[in-house]
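First up is the structure itself, then whatever we jot down about it.
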Amino acid sequence: MTSFGRHRLLLPILGWIFITSLVGLTAEPAVERPPADRLYVGGTILTVNDAQPRAEAVAVAGGRIIAVGKKADVLARRGEQTEVVDLAGRTLVPGFIDGHSHFFSLIDVQTQALCASPPAGPCRSVADVITALERIKERRKIGPGEFVMGFGCDPDLLAEKRFPTKAELDRAFPDNPVFIVHVSGHGAKLNSKALAAYSVTAATPTPVGGVIGREAGTQEPDGLLFETAFMPIFAKLPSPGDDELIAILESGQDLYLRAGITTAQEGATMKHQIDLLRVFADRGSLKLDLVALPFITEIDAVFAGKLPANEPDYRNRLRIGGVKIVTDGSPQGKTAAFTTPYLTGGPAGQKGWRGELSFPQAQINDWVKQVYDGGATLFVHCNGDAAIDSLLEAHRFASAGDPTKPRGTVGIHSQFIRPDQLEKYAAWHITPSFFTLHCFYFGDTHVANRGAAQAGPISPMKSALALGLHPTNHTDFNVSPLDQLFTIHTAVNRQTRSGVILGEAERIGPLEALRAITLDGARMYGEENTKGSIEPGKLADLVILSADPTAVPAAEIETIEVLETIKEGKTVWKK
């Protein structure tokens, strides 16, 4: 048979196959895409997704993002019940991920006196601090013998450059124990009744890693307690009953939501607090996701004697996401551990003071090994370079000969990290969670205490990014206010209260600063596949801003406002 003949025979067969395939195609039902619950159009959309950095519209359904892209394409997901949100020129960004804070500080800010200095608070002098304490005593109807407490006091910013003295507090509050927490959260000033309540006397030895201020020429305590001398007392302070605590948390969480935070952190959680959070969450009261980090001394109680491990899933928006260890104190409180002395001495007047580790290195090593053996994520508070050395040594010790194995370890603050230490972070896959708000709030203090050369590059975001790290950024609430836009602002501008630029070479762009509190924040928690950017399939955790932080002048980023916070497609806060 000729070639032509064979082709003639094949033609009807091919035609039959073609017609059959068409029948099959028309017979196959079209896949119906569900309509959107909400569509966002008419503004700037910053996705924090490198593959599609900007979009014209976003569609949301069932708590997740279902479409991102051109307006015409996304509007195709509109149904009869779809709500179309006109951004009216405003900016949509991913929900903010909290790099580090203390959710339980919501209790303090609602039950204690605000003793912070402007712009965070009203106190410019010792007299202002005492007035703030008197007002909280009156407002909360605190009776004789009950504690009067304040938070956020920064002696360096008061006119007198000091706390109120024990004698001044005794005169103002003869019938009450008084407890004023230092702005760092690592120490406090007590009056005589508060010292007596916790049996702190001339015979009380200063514990390892702690500071007890003494009256000049004596062993009599002057009321100043820091670190391990402070922490046991802080843990025993009186607090409202459980029902009131839960009520305060329920109303107080709006402080996070109004800052655009859709995933928050409780950054050093005690067993009793974990139990309260379980009750709070199981009542359905949490409007945001909350990651709790049990404090290392609580792991036996929290994990029932087993090795610590993360909870992989949220239960009613709460999960245990790691374990917290503290290796030193605060640089503004002069208790951070350094390899060189403070230029201004120690917090109690010590000479040649370098600060101290909070715990012996052997103890830190053992704790880190427990966390690594259990597979939990390790979060380590470390500020001074000696404390960062301690973290690196403990990581090496606990890594079974392979410190380069990724474990998700986070160095909280890591402010005064040296270049050689930052390179080890990169090689050993340790994520720094920086604190650029320090540039503004405490930058001038750091220059005085540590010198410009060491203070300049604190929280070196630019250098970390250059090494391929994914640094996050945080407020450490209530050390500083919950303000994510000011967090971005300080990463971009790095300006102190006095107007000095602190470490100009470490400035980053606004998009990089936004990424640190969105996608890189989600990555720190191991949640980058579900959060942190505006992409189809991810949770519809979103924030509407009054302006685009990448478009306004850098000096004006702090003026941008959060207008609406959306958690899984539902508005949970609106200005």
Using only the alpha-carbon atoms, what does region 144-302 span along each of its principal axes? Please give whole angstrom values in decreasing order. 55, 37, 31
P(r) of region 31-92 over all Cα-Cα pairs, binned every 10 Å from zero, in whole percent: 25, 56, 19, 1
So what is the calculated 222 nm ellipticity per residue for the chain, using -39500 (n - 2.57) for each DSSP H run with n of 4 or more, over all residues, to the nearest 500 deg cm²/dmol? -9000 deg cm²/dmol
Please get the size of the charge dipole for the chain, origin at its Cα centre, with Cβ charges of +1 on Lys and Arg and -1 on Asp and Glu, quoted in debye to the nearest 20. 800
For the chain, find the longest principal axis of its Cα atoms and tell me its angle to the long axis of helix 271-282, 0 to 90°, nearest 10. 40
Using Cα-Cα distances under 8 Å and only pairs 6 or more residues apart, what relative contact order does region 347-409 have, in percent? 38
Helix 242-252 versus the longest principal axis of the chain: what angle, 0 to 90°, nearest 10, using Cα atoms? 60
Stokes-Einstein D for region 245-343 (20 °C, 1.002 mPa s, Kirkwood Rh from Cα pairs), in µm²/s, comes to 142
What Kirkwood radius, in Å to one decimal, follows from the Cα pairs of region 442-572? 15.9
Proximal lysine pairs in region 310-463, meaning Cα under 25 Å and 8 or more positions apart or interchain, come to 10
Take every DSSP beta bridge with both residues inside the chain and express the antiparallel ones as a percent of the total, to the nearest 5. 50
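Counting only Cα atoms, I'd like the Rg/Rh figure for region 214-283, Kirkwood definition for Rh.
My calculation puts Rg/Rh at 1.14.
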Choose one of 269, 383, 460: the residue whose Cα lies farthest towards the positive end of the charge dipole of the chain (beta-carbon charges +1 Lys, Arg; -1 Asp, Glu; about the Cα centre). 460
Mean shadow of region 495-575, computed from the convex hull of its alpha carbons, in nm²? 6.8
Scattering curve values for region 105-235, log₁₀ I(q)/I(0), Debye with Cα scatterers, q = 0.18 Å⁻¹: -0.96
Grab every C-alpha pair in region 294-450, bin the distances at 5 angstrom width from 0 up to the longest one, and report whole percents. 2, 9, 18, 20, 19, 14, 10, 6, 2, 1, 0
Highest mean packing first, using Cβ neighbours within 10 angstrom, the peptides 115-127, 471-483, 297-309 sort as 471-483, 115-127, 297-309
Amide H neighbours of residue 214 under 5 Å, counting only residues 5+ apart in sequence or on other chains, H built in-plane at 1.01 Å? 222
Average projected area of the Cα convex hull of region 517-559, in nm²? 3.7
For the chain, take the longest principal axis of its alpha carbons; what is the angle in degrees between that and the long axis of helix 419-428, to the nearest 10 within 0 to 90? 50
Which semi-axes, in whole Å and largest first, does the equivalent ellipsoid of region 425-518 have when worked out from the alpha carbon gyration tensor as the square roots of 5 times its eigenvalues? 20, 16, 12
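Under a Cβ-only charge scheme (Lys and Arg +1, Asp and Glu -1), can you give me the dipole magnitude of region 105-235 about the Cα centre, in debye to the nearest 20?
On the way: 13 positive and 15 negative charges, 47 e Å.
I would put it at about 220 debye.
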Over every pair of different alpha-carbon atoms in the chain, take the mean of 1/r and invert it; report that Kirkwood radius in Å. 25.5
Stokes-Einstein translational diffusion, region 387-481 - Kirkwood Rh over all Cα pairs, 1.002 mPa s, 20 °C, in µm²/s: 154
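Rule-based calculations on the coordinates, nothing more; no lab input. Quick caveat, the model's predicted, so the values are computed rather than measured. Cβ sites come from the backbone with ideal geometry, for glycine too, and all protein chains shown count toward neighbours.
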